[in-house]
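*Asks:* Here you go, one structure.
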Amino acid sequence: MSKEINVHQIELAKLIERHTGRDGTQMTAIPSLFFSRFSDAAGPFYGVYKPSLCIVVQGMKEVFLSQELFRYGPADYLIGSVHLPITGQVTEASSAAPYLALKLEFTPSEILEVLREFLMGADKKENAKRGMYVSKLEQSLLDAVTRLVRLLGTPKDIKVLAPLIIKEIIYRVLQGNHGGMLKQIAIEGSSTHQISFVIEHIMNNYVQSYKIEELAEIANMSVSSLHRHFKEVTAMSPIQFQKQLRLQEARSLLLSESADAADVAFRVGYESPSHFSREYSRMFGLPPKEDIKRLREQYDQRAKA
């Protein structure tokens, strides 16, 4: 790690500590910017990554996309170019050196605006690429990110300057070694762009059953092409993708409501509570009732800490 990058990492660590001060993931005054802080190893966490840039300033994190592992720390950044159900875990953190990270969310339209403004072309016929990757952090990108975070100290500047710096950050990512992967999500007619429509459809209708032919029609692809491109982008099949969304939503409902597991199973699209319980246990390691009890005990312990 170069001296310049190390200086920015130290500054970012101080800024994130200043604007968090407690463990967890928190919003900032910049709507698309989030900070995370954990004073010990934590997880696994289950969720759906939105298109975003993630940088670990201190500590280490692992993210599983299906069975594929992405590990990153202060020398790297992670990009998610589409909505993806993932499992994450903080693997390095302590009270003396807490895990500190930031996430900047963006939209395909923001990417397309940068591509058009800077005449950055991409081949729409290029094969679909994985919707998540880790790349080495470059000085120019870290510099732009640091300037964005500094704006939290001058709130009056955020409305004018934040959009400009975010555009620069997207530009730097597009210029990086794996920028072509991000370009594909915004290029109309590309395989990745077409698969994004299917992802959006499943996310909006995950409770409903569907035929694979319906998804192929949405993507304007043959059934075989849909399967191939969808798995290339998400590392899973459409059915596996839907299953993860259902189970994550079920867990959220069970944790936030005093609902019966069978009732939640039906609400997220399962026809058999026993089938739901088996798949829930397979994903989260315990049956619904025991898993929620464990989670609530963990939250109580953190609240008392």
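*Asks:* If I compute solvent accessible area with a 1.4 Å probe over the protein chains, what percent of it on region 32-94 is carbon and sulfur? Intermediate results must be reported in sequence, preceding the final value.
*Replies:* Numbers: 980 of 2090 Å².
Here carbon and sulfur together make up 47 percent of the probe-accessible area.
*Asks:* Then there's this: Can you report the principal axis dimensions of region 107-238 using only the alpha carbons, biggest first, rounded to whole angstrom?
*Replies:* Taking max minus min along each principal axis of the Cα atoms, region 107-238 gives 52, 31, 25 Å.
*Asks:* If I model a spin label as a point 7 Å beyond the Cα along the Cα-Cβ vector, how far apart are those points for Val223 and Gln175 in nm?
*Replies:* The modelled label-to-label distance comes out at 4.7 nm.
*Asks:* Ok, one more. Report the relative contact order of the chain, percent, no decimals, based on alpha-carbon pairs under 8 angstrom and at least 6 residues apart.
*Replies:* Numbers: 491 pairs, mean separation 46.4, N = 305.
Once divided by the residue count of the chain, the mean separation gives 15 percent.
*Asks:* Among the trypsin sites (Lys or Arg not before Pro) in region 1-104, which ones are in a DSSP loop with at most 10 other Cβ atoms within 10 Å of the Cβ? Mind listing them? Intermediate values should be presented prior to the final figure.
*Replies:* Values: sites: Lys3, Lys14, Arg18, Arg22, Arg37, Lys61, Arg71, Lys103; in loops: Arg22.
Listed in order of number, the matching sites are Arg22.
*Asks:* Considering amide H positions built from the backbone, and no H for Pro or chain starts, which residues 5 or more places from Val57, or on another chain, come under 5 Å of its amide H?
*Replies:* The list, which skips near neighbours in sequence, is Leu100, Ala101, Leu102.
*Asks:* Among the listed pairs Lys136/Lys167; Lys129/Lys289; Lys50/Lys211, which are separated by more than 30 Å between their Cα atoms?
*Replies:* Details: Lys136/Lys167 20 Å; Lys129/Lys289 38 Å; Lys50/Lys211 25 Å.
Too far apart for the 30 Å limit: Lys129/Lys289.
*Asks:* For the chain, take the alpha-carbon Rg, divide it by the Kirkwood Rh, and send me Rg/Rh.
*Replies:* On the way: Rg = 20.2 Å, Rh = 20.6 Å.
My calculation puts Rg/Rh at 0.98.
*Asks:* Would you work out which of Leu164, Ser252, Gln26 lies farthest towards the positive end of the dipole of the chain? Charges go on Cβ: Lys and Arg +1, Asp and Glu -1.
*Replies:* After comparing all options, I get Gln26.
*Asks:* Can you give the helix-only mean residue ellipticity at 222 nm for the chain, where every DSSP H stretch with n ≥ 4 adds -39500 (n - 2.57) and the sum goes over all residues, rounded to the nearest 500 deg cm²/dmol?
*Replies:* Numbers: 12 runs with 154 residues, N = 305.
Rounded to the nearest 500, the figure is -16000 deg cm²/dmol.
*Asks:* Averaging over every viewing direction, what projected area does the convex hull of the Cα atoms of region 162-223 cover, in nm²?
*Replies:* Result: 5.7 nm².
*Asks:* Before I look further, what does region 104-231 give for accessible area per residue, probe 1.4 Å, in whole square angstrom? Intermediate values should be presented prior to the final figure.
*Replies:* Details: 6570 Å² over 128 residues.
Computed with neighbouring chains in place, this is 51 Å² per residue.
*Asks:* OK, next. Hand me the chymotrypsin sites (Phe, Trp or Tyr not before Pro) from region 52-155 located in a DSSP loop with no more than 14 other Cβ atoms within 10 Å, in residue order please.
*Replies:* Working: sites: Phe64, Phe70, Tyr72, Tyr77, Tyr99, Phe106, Phe118, Tyr133; in loops: Phe106, Phe118.
Here the sparse-neighbourhood loop sites are Phe118.
*Asks:* Enumerate the calculated ³J(HN,Hα) couplings along region 229-237 in order (Karplus 6.51 cos²θ - 1.76 cosθ + 1.60, θ = phi - 60°), each rounded to whole Hz, writing x wherever the residue is Gly or Pro.
*Replies:* 6, 5, 5, 5, 6, 9, 6, 8, 7
*Asks:* Tally Lys and Arg at +1 and Asp and Glu at -1 over the other residues with C-beta under 15 Å from the C-beta of Ala97: what net charge comes out? Walk me through the intermediate numbers first.
*Replies:* Numbers: positive: Lys14, Arg37, Lys61; negative: Glu17, Asp23, Asp40, Glu92.
Neighbourhood net charge equals -1.
*Asks:* Loop by DSSP (not H, G, I, E, B), at most 14 other beta-carbon atoms within 10 Å: where is the longest site-free stretch of the chain for GluC sites (Glu not before Pro)?
*Replies:* 1-187
*Asks:* Please report, in debye to the nearest 20, how large the charge dipole of the chain is about its Cα centre when each Lys and Arg carries +1 at its beta carbon and each Asp and Glu carries -1 there.
*Replies:* Numbers: 37 positive and 35 negative charges, 91 e Å.
The dipole of the chain has a size of about 440 debye.
*Asks:* On to the next question. Defining a contact as two alpha carbons under 8 Å apart and six or more residues distant in sequence, what relative contact order in percent does region 149-305 show? Can you show the working numbers first?
*Replies:* On the way: 107 pairs, mean separation 20.8, N = 157.
Over region 149-305, the number comes to 13 percent.
*Asks:* Additional query: Can you give the charge dipole size of region 232-305 about its Cα centre, rounded to the nearest 20 debye, using +1 on the beta carbon of Lys and Arg and -1 on the beta carbon of Asp and Glu? Intermediate values should be presented prior to the final figure.
*Replies:* Working: 12 positive and 11 negative charges, 49 e Å.
Here the size comes out at about 240 debye.
The values are calculated or read from the model by the stated rules, or taken from the named source; none is laboratory data. Just so we're clear, the structure is a prediction, and the values are computed from it rather than from any experiment. Note that we place each Cβ from the backbone using ideal geometry, even for glycine, and neighbour counts take in every protein chain shown. We work out accessible area using only protein heavy atoms, side chains counted, and drop any ligands, DNA or RNA first. Shrake-Rupley method; radii C 1.70, N 1.55, O 1.52, S 1.80 Å.
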